[in-house]
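The values are calculated or read from the model by the stated rules, or taken from the named source; none is laboratory data. What you see is a predicted model; the values in this text were computed from it and never measured. Neighbour counts are summed over all protein chains in view; Cβ atoms, including those assigned to glycine, are modelled from backbone coordinates with ideal geometry.
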Amino acid sequence: MPTTGGYLVIGAAAALITFAVTPLVAWFARRVGWVYEPNERTVHTRPIPDVGGIALFAGFLGAFALARLTDSFDPLFARNSEPRGVLFAAGAMFLVGLVDDIREISAPAKVMGTVAVGSILVYYGVTMFNLRIPFLDVLFLDNDWVPLVTVLWVLGMSQAINLIDGLDGLAAGIVAIGAFAFFLYSQFLSDRDVLLEPNIGPMIAIITVGICVGFLPHNFNPARIFMGDGGALLLGLLMAVSTSVVGGREKIGVEPVAGQAYFFFAPLFIPLFILGVPILDTLFAILRRARRGQGVATADKGHLHHRLMEMGHGQRRSVLILWGWTALLSAFVLYPVITESGLSYVPIGAAMLVLSLYTVLHPQIRRNRAG
């Protein structure tokens, strides 16, 4: 299987391609009028190109092609239909989002598009094989359940990333941190011969990191381009793929390393913790809109990033706070697994406390309350 260095080269290629292509996409978008106009829900005050997903998809394709041409990645591609499935599914998901960015399609149409994308993954075998219930047993997915689980996983991940994409650089940064944490986790499991091989999860995760890192310099506040639905849905799809083929394909009967029993036996809980910020934001949005009798797709300004800004944090500080929480949640679940040192969470707990106090007691917040 590819070495960690080989994966990092692919990730670097994804970053460089995305970084180079993004200004060209922004220029073209302005020429043809593919821009997002300010409205009552937005925090920007001028039209900004909103088809950055084109650059993200270009970075994905370039890095994917480089991996295909690299000898060390041959075990992932040889006699394996899954890479083709990921390629076709990513293209279809990107096109659904891009059409929505340009012409705006209905929420049911996007859901149907996601169902079609999930069907592509199922057809090419890019699915979970099993699901371990913590402290109980392994649940092997019956063929009748695989399509439903796959579609729901893709739908959940893609919508979580789409909903969190509300401030400059927020979604790209959170996905970059989360995907890199998951890459480290998948490499740890692979090195200990826990994953069923060949496994495309680590490759998809590091490509996701690369395209986000390459896009961030153009997307961080003040943003010169937005990723749009095309980018957000693509990132959600890539995260869904990497997490499902790693978390849902562990070898059975392998003893856990000391100090990691819980997380070893519940690998699908890792991405849920790592992507805790967008997942919690999505759950809160569903509950909030259900309480008001609104549709799940109804837009509002009740997301976590909006609440931070209402407290008095500016765009950049709000984004950095949510990045920080993603990094800490990643550390929380990876620390006992990778260090094999047991559940010693004192440093991480202290960091979480500091970040919580910083969020609530920042001098700007106190000045706003006093005013």
Exercise. Using the structure shown, decide if residue 217 is surrounded by fewer than 24 Cβ atoms within 10 Å (Cβ to Cβ) and either modelled with pLDDT of 90 or more or among the β-branched types (Val, Ile, Thr) (or both).
Key: yes
Quiz prompt | Residue that is exposed (fewer than 13 other Cβ atoms within 10 Å of the Cβ), of a type in the set (A, V, I, L, M) and at pLDDT 95 or above, where the choices are 66, 16, 24 | solution = 24
Quiz item: Of the numbered conditions (1) under 20 Å from residue 119 (Cα atoms); (2) part of a loop (DSSP other than H, G, I, E, B), residue 98 satisfies every one except a single condition; which is it?
Solution: (2)
Quiz item: Looking at the stretch 84-121, which of the residues that are under 19 Å from residue 245 (Cβ atoms), in contact with a Leu (Cβ under 7 Å, 6 or more places away or on another chain) and modelled with pLDDT of 95 or more is surrounded by the most Cβ atoms within 10 Å (Cβ to Cβ)?
Solution: 93
Quiz item: Out of all the residues in the stretch 152-171, is one or more at pLDDT 85 or above and not in a helix (DSSP H, G or I)?
Solution: yes
Quiz item: Within the set of pairs 6 or more residues apart or between chains, which connect a residue that is over 11 Å from residue 177 (Cα atoms) and touching a residue at least 60 places away in the same chain (Cβ under 8 Å) inside the stretch 194-215 to a residue that is among the small types (Gly, Ala, Ser) and part of a loop (DSSP other than H, G, I, E, B) with Cβ atoms less than 9 Å apart?
Solution: 198/78; 215/52; 215/169
Self-check item: Hits in the stretch 127-145 - residues which are under 25 Å from the mean Cα position of the chain (by Cα), polar (S, T, N, Q) and either modelled with pLDDT of 75 or more or on the phi > 0 side of the Ramachandran plot (or both)
Solution: 127
Self-check item: Among the residues listed as 27, 34, the single one being free of Cβ contacts under 8 Å to residues at least 24 places away in the same chain and not charged (D, E, K, R)
Solution: 27
Quiz item: Which one is farthest from the chain's Cα centre (by Cα), of the residues in the stretch 113-126 that are hydroxyl-bearing (Ser, Thr, Tyr) and not in a loop (DSSP other than H, G, I, E, B)?
Solution: 123
Quiz item: Does any residue in the stretch 115-130 that is in contact (Cβ under 8 Å) with a residue 60 or more places away in the chain come within less than 7 Å, Cβ to Cβ, of a residue that is of a type in the set (Ser, Thr, Tyr) six or more places away or on a different chain, and which pairs are these?
Solution: 121/127; 121/150; 127/150; 127/244; 128/244
Exercise. Give the stretch 191-204 a look and list any residue that's touching a Phe, Trp or Tyr at 6+ places or on another chain (Cβ under 8 Å) and at pLDDT 95 or above, or say none.
Key: 203
